[in-house]
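Below you'll find the structure, written out as structure tokens, and then a few comments.
Derivation of every value follows stated rules applied to the coordinates shown; laboratory data play no part. Bear in mind the structure is a predicted one, so any value in this text is a computation, not a measurement. With ideal geometry, Cβ positions are generated from the backbone for all residues, glycine too; neighbour counts draw on all protein chains shown.
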Amino acid sequence: MTVLMVGGGGREHALIRKLKESPRVDKVYCAPGNGGISRDAECRNVAACDIDGMVALAKEIRADLVFVAPDDPLAAGMVDAMEANGFRAFGPRANAAVIESSKSFSKDMMKRFGIPTAAYEVFTDADQASDYIRSRGEYPVVIKADGLALGKGVIIAENEADALRAVDDMMRGGAFGESGKKVVVEEYLTGPEVSVLSFTDGKTIVPMISSMDHKRALDGDRGLNTGGMGTVAPNPFYTPEIADQCMEQIFLPTVRAMNELERPFKGCLYFGLMLTEKGPRVIEYNARFGDPETQVVLPLLETPLIDIVEAVVDGRLGEIDVKFSADCCACVVMASGGYPGSYAKGIEITGLDADGQVDGATVYHAGTAYNGDCFRTAGGRVLGVTAKGKTLDEALDSAYAAVKRIHFDGAHYRTDIGRKKFMRS
Ligand code: AMP
Ligand code: GLY
């Protein structure tokens, strides 16, 4: 099979390496890809959001399967366009990708179908949003841009002044552009966060092994929100009892709700959950594999990924036995100095071999360039250094040992990935 992977980050690198484990996958293209991905796939310079360009590329390479990994092209209808041109594509159509691209849609769906989530109100008028925040008078309060905002459209306001400023920035100031013209004002919840990615063909849903992201830039969950600074799988807080509860109260009801709304979801449905004292609550849905969750979930997958992907596309996921190993996996993200603020690019990376790898770990490249000679930084998140072990500690030790062998000026990583595991007795 010839597969076209759309995207160019660590998640896509992990997907490509997993797909290539199957002998049935003989050629993988990636657009736009990155330096590290170019060691595993033929990269083509088509932007991930360029639907016409991507359809033309799929035709040129005669793709047997197109895998649309990022949120923007899914929301813009790239899967619909591929299908209209006769290609088999993995990912939801635009009418189902809305579960991620509109928070007001997903919140209203959860309310209507009784899926547990934080209490909320939706506003398109800044004065009304501000009045509501003042009259509610409880802090922290959570303010979310309705649309896609690179994971940055969520403000947790500690007091009235910060909350009103967030509303002002989003609704009057144009922060996040159109995505912030509508906002969701939400109850603040506390508890451990869990990411659960799942495969679904719209009939069957198969949760993958659970994981935990670390969104803040600095140790101790301090600093700004990022795309994710590291992950571990499985998530130590996600017990089998909680998993059963989530299946009954959240996963199955979500699939049914999307069908009832005539928006059947096919692809990877991501549940961002918070385990509150009152039970699990949905914090967000994503219509795709998470990044960097994918980097720790896929190494533990034992069933060939291509078999599952084809079963999802063909609507026969119920026939497949999806197996995960009992091991643990950890991913430590090495980021450019300054990220998630501004940072330099083009800095030489040392310690990697010619394939962009290092002994004792797998290195998923998120933002690198390769000139045939050396790898250089090309993004905020640069590398996801990933290792497996019989225990989480073993996996973390291997990942951090590998991190120490890789260098670039200004490199920043968190030293406490996976350390929250003893918080809950
Ligand atoms: P989201 O993009 O919706 O996942 O939000 C980003 C992060 O903000 C989440 O991972 C949570 O840490 C935090 N967050 C979002 N909604 C809430 C909430 N209702 N209560 C507390 N924290 C939240
Ligand atoms: N790691 C969270 C996300 O992919 O949105």
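Helix-only mean residue ellipticity at 222 nm, the chain, DSSP H runs n ≥ 4 weighted -39,500 (n - 2.57), per residue, nearest 500. What is it?
Helices in the chain give a 222 nm mean residue ellipticity of -7500 deg cm²/dmol.
Which shape class applies to the range 325-425: rounded if a/c is under 1.5, otherwise prolate when a/b exceeds b/c and oblate if not, where a ≥ b ≥ c are the square roots of the Cα gyration tensor eigenvalues? Oblate shape, in that a/c is at least 1.5 and b/c is the bigger or equal ratio.
Loop by DSSP (not H, G, I, E, B), at most 13 other beta-carbon atoms within 10 Å: where is the longest site-free stretch of the chain for GluC sites (Glu not before Pro)?
303-425
Applying the criteria of a DSSP loop state and at most 12 other Cβ atoms within 10 Å to the trypsin sites (Lys or Arg not before Pro) of the range 328-425 yields LYS390, LYS404, ARG424. Which shape class, rounded, prolate or oblate, goes with the range 111-202 when its Cα gyration tensor gives a ≥ b ≥ c as root eigenvalues, a/c under 1.5 marks rounded, and past that a/b bigger than b/c marks prolate? The shape class here is prolate. Electrostatic tally near GLY356: other residues with Cβ closer than 10 Å to its Cβ, Lys and Arg +1, Asp and Glu -1, net -2.
To make sure I understand, if each residue's beta carbon is the centre and we count other beta carbons within 10 Å, what order do ARG88, ARG136 fall in, fewest to most?
With the sparsest Cβ surroundings first, the list reads ARG136, ARG88.
Projecting the Cα atoms of LEU189, LEU301, ILE51 onto the dipole axis of the chain, where Lys and Arg carry +1 and Asp and Glu carry -1 at the beta carbon, places LEU301 farthest toward the positive end.
Summing Lys and Arg as +1 and Asp and Glu as -1 over all other residues whose Cβ lies under 15 Å from the Cβ of LYS181 gives a net charge of -2. Note down the net charge around ALA287, summing +1 for each Lys or Arg and -1 for each Asp or Glu among other residues with Cβ under 12 Å from its Cβ. Result for the neighbourhood of ALA287: 0.
The residues ILE156, ILE308, ILE209, when put in order of fewest to most other Cβ atoms within 10 Å, stand as ILE156, ILE308, ILE209. Using a cutoff of 8 angstrom between alpha carbon atoms and counting only pairs six or more residues apart, the relative contact order for the chain works out to 17 percent. Per residue, the average separation of C-alpha pairs within less than 8 Å and at least 6 apart gives the range 1-155 a relative contact order of 17 percent. Of ASP201, ASP416, the sequence from fewest to most neighbouring Cβ atoms within 10 angstrom is ASP416, ASP201.
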